[in-house]
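Accompanying notes for the structure given below.
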Amino acid sequence: MSIAVELLEILVCPKCKGELLHREDPEQLVCGECRLAYPVKDGIPIMLIDQALEMDTPGNISDMKDC
Ligand SMILES: [Zn+2]
């Protein structure tokens, strides 16, 4: 189950209000600005800063596709 496109379009980073990148396997919504990855559970994005995973390697951003 993946996130509805309509939902992706309206979602922004709760921290910086910036655009998010949709990443698959594992499904996450990533803010390149904050380097935070928000988990997606059963197609529902968990848009909470304290649930987000910090990304330590900036290089990861290159293998993401823009949503
Ligand atoms: Zn952000």
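A few remarks follow.
- Spin-label model distance (nm) - Arg35 vs Ile3, 7 Å beyond Cα toward Cβ: 2.1 nm
- For segment 5-63, the convex hull drawn through the C-alpha positions has a volume of 80 cubic angstrom per residue.
- R0 of 30 Å, Cβ-Cβ distance Glu24-Asp50: FRET efficiency to nearest 0.05: 0.80
Where a number appears in this text, it was derived from the coordinates with a stated rule and is not lab data. The structure displayed is predicted, hence computed values, not measured ones. Glycine also receives a Cβ, built like all others from the backbone with ideal geometry; neighbour counts cover every protein chain displayed.
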